[in-house]
Amino acid sequence: MLKRYQITEGRFCDGTAETCPIHMYINPDETERRYLVNELKLDEHTLASSLDPDELPRLEFEPEHAALIMKRPRSYSAEDLYLFRVSSMGLFLFRDKLVIVSGEDVQPLEGRHFLRISSLADLLLRILYRSTLHYLEHLRIINQISDELEGKVRTAMENQHLINLFTLEKGLVYYHNAIHSNGIVLEKLKASAAKLGFTPENLEYLDDLAVENNQCTKQAEIFSNIFASLMDARASIVNNNLSVLIKRLTIINVVFLPLNFIAGMGGMSEFSMITSGIPWWVAYPAFAGVMAGIALVTYTLLRRLTGEAVRRPRRRRKAQR
């Protein structure tokens, strides 16, 4: 799919004419690929790299244009199940044209960062800056999801929340690698500023972009290290919660073992013989009281032996008026 844009009065806006200097190809079909290779002289391997999510970022120079492959975060949805992915994007800078090739729709290029655009090279840098901000937004989302999952892990008896954290950590590693690789390309852009025709204002903007990308890299590295260092502790919490649950269930089971035995005896005919001549409304309450006493004694002994008692629900005290 082809979208055309233009720069009008320093603003990035939609265009329809074929003479628009900015062409964005989203998941191009075979006809569009043939046009890019045959007419615009794009290298076929470089074009395929723009659509390959596993391709490494790089900067290449061709006789008529400069080719930049960068990594950008994919739009996250609930269907991804906590896995944040990255994709590739190709930026091909000609003297009078900028061609953008991506495997999926690019986040809208709007906002204050796309005001007062002076040239196509300036627009290229602003697209890179928008990608860095997109990474920062996703890192904040990852941190919020992590805090929410950690709260669930503290009381979890299963591994599902722990698996979600592992998936989140996997995506964070991909993010850190992609942001770091983009930083290397930014250094190459700065070294090749003369070939690209960057102005002093472009170089100043590129310096700000490099600083922002380095901060983003550090933040992703910190989050990744925290995930890796605390993952064993989170797994231990789940195992400990399960052990505590089994321990409490065992105590309850032991408490009711003698009661089941006595209740089985009470259902036999011998109990009727023993209580013959005693009214039923006296015999059965007395029998239940004996069972309750035995349960209390058993519970007290287990509490002293194990040091762990089944917590009784606290009764709400009525507020005194």
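The values are calculated or read from the model by the stated rules, or taken from the named source; none is laboratory data. Keep in mind that what you see is a predicted model, and the values were worked out from it rather than measured. As a convention, Cβ positions derive from the backbone with ideal geometry for all residues, glycine included, and neighbour counts pool all protein chains shown.
Any residue that is touching a strand residue (DSSP E or B) at 6+ places or on another chain (Cβ under 8 Å), among the aliphatic types (A, V, I, L, M) and closer than 30 Å to Tyr5 by Cα - is there at least one of those in the range 131-154? The answer is no; no qualifying residue exists. Residue check: Ser77 meets all listed conditions (1) touching a residue at least 24 places away in the same chain (Cβ under 8 Å); (2) under 30 Å from Leu162 (Cα atoms); (3) out of contact with any Lys or Arg (no Cβ under 7 Å at 6 or more places or on another chain) but one, namely (1). Can you confirm whether Leu83 is in the same structural domain as Phe223 (by TED's automatic domain parsing) and buried (at least 20 other Cβ atoms within 10 Å of the Cβ)? Criteria not met by Leu83. Cβ-Cβ contacts under 8 Å between residues 6 or more apart (or on different chains), taken from a first residue in the range 133-153 that is in the same structural domain as Gly171 (by TED's automatic domain parsing) and surrounded by 17 or more Cβ atoms within 10 Å (Cβ to Cβ) to a second residue that is of a type in the set (Val, Ile, Thr) and in a helix (DSSP H, G or I), are listed as Tyr135/Ile179; Val153/Ile237; Val153/Val238. For the range 4-25, the tally of residues that are outside any loop (DSSP other than H, G, I, E, B) and over 13 Å from Ser118 (Cα atoms) stands at 9. When the residues of the range 82-133 are filtered to those that are within 30 Å of Asp147 (Cβ to Cβ) and of a type in the set (Ser, Thr, Tyr), the one that is modelled with the lowest pLDDT is Tyr82. Among the residues of the range 184-215, those identified as among the small types (Gly, Ala, Ser) and in a helix (DSSP H, G or I) are Ala191, Ala193, Ala194, Ala210. If you check Leu162, Leu203 for being surrounded by 13 or more Cβ atoms within 10 Å (Cβ to Cβ) and within 26 Å of Leu230 (Cα to Cα), only one passes: Leu162. Just one of the listed residues (Ala210, Ala228, Ala194) is surrounded by fewer than 19 Cβ atoms within 10 Å (Cβ to Cβ) and without any contact (Cβ under 8 Å) to a residue 24 or more places away in the chain, and it is Ala194. If you take the residues in the range 26-59 that are in contact (Cβ under 8 Å) with a residue 60 or more places away in the chain and part of a loop (DSSP other than H, G, I, E, B), which one is surrounded by the fewest Cβ atoms within 10 Å (Cβ to Cβ)? Checking each candidate, the answer is Asn27.
What's the number of the condition Leu133 fails, among (1) closer than 26 Å to Gly197 by Cβ; (2) assigned to a helix (DSSP H, G or I); (3) in contact with a Lys or Arg (Cβ under 9 Å, 6 or more places away or on another chain)? Going through the list (1) closer than 26 Å to Gly197 by Cβ; (2) assigned to a helix (DSSP H, G or I); (3) in contact with a Lys or Arg (Cβ under 9 Å, 6 or more places away or on another chain), Leu133 breaks only (3). Among the criteria (1) closer than 30 Å to Leu301 by Cβ; (2) modelled with pLDDT of 75 or more, the one Lys218 does not fulfil is (1). In the set (1) more than 25 Å from Ser119 (Cα to Cα); (2) out of contact with any Pro (no Cβ under 7 Å at 6 or more places or on another chain); (3) buried (at least 16 other Cβ atoms within 10 Å of the Cβ), the condition left unmet by Lys170 is number (3). When the range 72-93 is filtered for residues that are under 19 Å from Leu186 (Cα atoms) and in contact with a Leu (Cβ under 8 Å, 6 or more places away or on another chain), the ones remaining, listed by number, are Ser88, Gly90, Leu91, Phe92, Leu93.
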